[in-house]
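S.K.: Here it is, the structure, as structure tokens.
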Amino acid sequence: MATRGSWQLHEFPHLTYGNNANHKITSRKTKRYNCIAWAGDDIERPWWPQIDGWYWPSGISEQEDIPAFIQAFRLLGYAVCADGSLEDGFEKVALFAEPDGTPTHAARQLRNGKWTSKLGPNEDIQHDDVRDVRGQLYGDVCCYMRRAITPLSLHQRISRFFRCIRVLCKESYWTIRAFVKGVPRKNVFS
Amino acid sequence: MALSEIQFAPAPLQQLPHASGFPYPVSVSVIPYDSLDVEYQFNQLRSKWHAEYGSSSSARVIISAPSYRRMVFMGKRILPLIFRDLDQSPEPDYWFAALKEITNADPVSQSDRGNMRAMAKAWVKWAKTNGYTW
């Protein structure tokens with residue numbers, strides 16, 4: 001993967017590069033899902049309330065505020081917790097907001113204690129500290145949530161397997177299509 | 001037959017497409033200047049729009065960007081360009097709010113909300129049904 005993503009440097013002033021890099025890119029850029037979906041482990045559709053073209057779970061508040069986002073993650077089994085420290089048996093998400101409380105971003109903790117973020121329509125990154133992506137664009141962390149890690153059921157394992165196969169097929173399709181048509185292949189990562 | 005024997009009769013005025021004063025029916029390749037202009041403007045605004053929302057994840061920021069609003073104000077003229085993107089791009093842009101706003105239609109089923117490919121398919125089908133070409 002490239003060491004430099006598609007974002008503008010000024011958008012994430014706390015990300016460092018080169019030998020002292022505090023992050024690494026873990027996907028291609030894609031618009032198929034956004035940070036909220038990524039934090040919620042959904043790579044099929046972007047999540048946001050109120051706006052046509054974005055998914056939002058039915059039955060919860062459509063307000064664009066932190067309580068609505070907390071409700072959305074509650075649906076996924078998360079509950080509000082005190083901080084973003086690594087806790088055995090739990091996975092965590094951090095919700096970001098602007099100073100006025102407008103939600104901006106969500107990051108998910110990995111089992112190694114690092115965090116993963118989808119940077120808008122750009123790449124996913126793994127970053128050392130949750131607050132590495134804070135700044136004018138995403139504001140800062142306003143809330144942490146956690147849920148118990150449960151082993152994947154057989155059904156989930158099978159779903160993931162077929163999801164991988166589907167991604168591989170799609171990637172191959174677009175690569176071959178671009179080759180046949182003689183046009184540059186656009187980034188697709190689902 | 002000598003050229004001087006050929007009689008040229010002026011075409012009746014009502015047969016001329018624009019009463020331009022040219023005396024004979026003419027075949028003209030019309031360059032769709034307006035279409036080119038719209039496409040140029042659309043592409044310019046689209047690039048600007050991408051720069052405006054940058055790495056923002058907020059759908060509100062994305063569809064409130066000034067260039068997005070300007071594209072929406074361009075109205076139905078940009079629909080073929082949007083439908084082309086939805087039909088041909090492996091990863092279409094965030095056009096769905098604009099489409100709904102411009103056309104006042106909503107062909108996306110509730111279960112497909114958020115699924116970009118499914119929404120793109122629904123809109124392309126709607127466009128074909130409604131006679132759009134791109």
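Please treat every number below as a calculation from the coordinates, not as lab data. Here the structure is a predicted model, which means the values were calculated and not measured. Using ideal geometry, Cβ is built from the backbone for each residue, glycine included, and neighbour counts are taken over all protein chains shown.
S.K.: Of A:Gln109, A:Gln126, A:Gln63, which has the largest mean-square fluctuation in a 10 Å C-alpha GNM of chain A?
M.R.: It is A:Gln63.
S.K.: Another one. Note the full-extension length gain between A:Thr102 and A:Leu154 as 0.36 nm times their separation in residues minus their Cα-Cα distance, in nm to one decimal.
M.R.: Extending this stretch completely gives an extra 14.9 nm.
S.K.: I would also like to ask the following. For A:Asp42 and A:Ser172, FRET efficiency with R0 = 22 Å and r from the beta-carbon atoms, rounded to 0.05?
M.R.: The formula returns an efficiency of 0.40 here.
S.K.: When the helix-only estimate is applied to chain A (DSSP H runs of n ≥ 4, each -39,500 (n - 2.57), divided by the residue count), what is the mean residue ellipticity at 222 nm, nearest 500 deg cm²/dmol?
M.R.: -7500 deg cm²/dmol
S.K.: Shielding of B:90-100 by partners, i.e. mean partner chain Cβ atoms within 10 Å per residue?
M.R.: Mean inter-chain Cβ contacts per residue within 10 Å come to 5.
S.K.: How far apart, in nanometres, would the label points at A:Gln50 and A:His10 be if each is projected 7 angstrom from Cα along the Cα-to-Cβ direction?
M.R.: Here the modelled spin labels are 2.7 nm apart.
S.K.: Ok, one more. With labels modelled as points extended 7 Å from the Cα through the Cβ direction, what inter-label distance (nm, one decimal) is found for B:His50 paired with A:Arg163?
M.R.: Each label point is offset 7 Å from its Cα along the Cβ direction, giving 2.7 nm.
S.K.: So, one more: DSSP loop GluC sites (Glu not before Pro) in the stretch A:39-75 with at most 14 other Cβ atoms within 10 Å of their Cβ, which ones?
M.R.: Passing sites in the stretch A:39-75 are A:Glu62.
S.K.: In terms of the ratio Rg/(2.2 N^0.38 Å) built on C-alpha atoms, what value belongs to the stretch A:34-190?
M.R.: Normalised Cα radius of gyration, the stretch A:34-190: 1.14.
S.K.: Per residue, what volume in Å³ does the Cα convex hull of the protein assembly as shown take up?
M.R.: 208 Å³
S.K.: Could I ask something else about it? In whole Å, what are the Cα extents of the stretch A:6-95 along the three principal axes, biggest one first?
M.R.: Rounded to whole Å, the extents work out to 47, 35, 21 Å.
S.K.: Can you tell me the relative contact order of chain A? Whole percent, Cα pairs under 8 Å, sequence separation 6 or more.
M.R.: This gives 26 percent for chain A.
S.K.: For a bin width of 10 Å, list the pair-distance distribution of the stretch A:121-190 built from all Cα-Cα distances, rounded to whole %.
M.R.: Histogram of Cα-Cα distances, whole percents per bin: 14, 24, 28, 27, 7.
S.K.: Return the percentage of antiparallel bridges among DSSP beta bridges fully within chain A, rounded to the nearest 5 %.
M.R.: Percentage antiparallel, nearest 5: 95.
S.K.: By average Cβ neighbour count within 10 Å, what is the ranking of A:7-14, B:87-94, B:58-65 from highest down?
M.R.: With the highest mean Cβ count within 10 Å placed first, the list reads B:58-65, B:87-94, A:7-14.
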